[in-house]
Amino acid sequence: MKKLMLIALILAFTASGVFAAKTTFNPPLDPLPADSSSQPDSYGYTWVDSDGGGSPVFDWIDISGIGVEVEGLADDNAVGPFDIGFDFPFYWYTVDHFFIGSNGYISFSSDANYSQDFQMIPSTVQPNDLVVPLASDLDFTHPGSDPHCYYYTNNSDTLIVSWINVAEWLYPQNPYESSHTFQLILCKSDSSITYQYGMQQGNFQNPDGASQIGIEDLVGRTGLRYMYNLSPPDRVPHDGLIIRIHADPLPDLNSMMLVLPAV
């Protein structure tokens, strides 16, 4: 009887703990626009984009005059950590700092290099804890495109990171061959992640594993993938594209694996 009571208590405590952690999200847009992904990840994240004929609406936020210019980005490296300025809900936990990768991503917990060949999301290979607006073989050491990166936080509910005029490694000097501008926005008020794409000039590299857009959790077991290696082709970034990612605020507890001690 004592063993049965112990199991019941463990189940109740574990379920309530999972539920409390996973419902720190505010409800997403309701209902989601019709252009949402057909399959959310196993946690409940799904995406909507402006190519599907619905919301969200592209609205580039220029932070070059108010943000912090990021120093030290080169070819295949990450710098940080930087303070988000608030606790941001991400999967079943919250995050408060981040590293910026030269190849077009942030990680909330790792400065490990994320580079070609990019592991397909999700992957347990470091770095994990990823927000990836455009992972590609970008190179800040090429002066031809005049590359810059900025971040801005209002220390309340919004973080923005922008990569400006960054060229692919394969195209070192000519900005007409390769120059990519994009940004990510974390919004605490609705727990959303937004990617916006400014000028996409010229080419992307396209050997296997050369590009990716998505998100991934702390341990690399769960992730939402929008595009990998320029596939599907209708999801390759272009000028004026916007992607917004939301989480299900009430995920199915039955989908969570509860690990109990042997009795």
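The values are calculated or read from the model by the stated rules, or taken from the named source; none is laboratory data. Small disclaimer: the values here were computed from a predicted structure and weren't measured. No Cβ is skipped: glycine too gets one built from the backbone with ideal geometry, and neighbour counts run over all protein chains shown.
Below is a table of values for the structure above.
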{"item": "Single residue of 29, 73 found to be assigned to a loop (DSSP other than H, G, I, E, B), modelled with pLDDT of 95 or more and surrounded by 15 or more Cβ atoms within 10 Å (Cβ to Cβ)", "result": "73"}
{"item": "Qualifying residues in the stretch 85-99 (those that are in a strand (DSSP E or B) and surrounded by 17 or more Cβ atoms within 10 Å (Cβ to Cβ)) - the one nearest to the chain's Cα centre (by Cα)", "result": "90"}
{"item": "Scan of the stretch 132-150 for residues that are touching a Ser or Thr at 6+ places or on another chain (Cβ under 8 Å) and either buried (at least 22 other Cβ atoms within 10 Å of the Cβ) or in a loop (DSSP other than H, G, I, E, B) (or both), ordered by number", "result": "134, 135, 136, 137, 138, 139, 140, 145, 149"}
{"item": "Count - residues of the stretch 215-232 that are under 12 Å from the mean Cα position of the chain (by Cα) and among the β-branched types (Val, Ile, Thr)", "result": "1"}
{"item": "Residue in the stretch 7-26 that is at pLDDT 85 or above, under 20 Å from residue 186 (Cα atoms) and out of contact with any strand residue (DSSP E or B) (no Cβ under 6 Å at 6 or more places or on another chain) present", "result": "no"}
{"item": "Of all residues making up the stretch 50-70, the number that are touching a Pro at 6+ places or on another chain (Cβ under 7 Å) and assigned to a loop (DSSP other than H, G, I, E, B)", "result": "2"}
{"item": "Residue in the stretch 101-124 that is more than 22 Å from residue 46 (Cα to Cα) and assigned to a strand (DSSP E or B) present", "result": "yes"}
{"item": "Single unsatisfied condition, residue 201 versus (1) buried (at least 19 other Cβ atoms within 10 Å of the Cβ); (2) part of a strand (DSSP E or B)", "result": "(1)"}
{"item": "Odd one out for residue 212, checked against (1) over 15 Å from the mean Cα position of the chain (by Cα); (2) under 15 Å from residue 115 (Cβ atoms); (3) surrounded by 20 or more Cβ atoms within 10 Å (Cβ to Cβ)", "result": "(1)"}
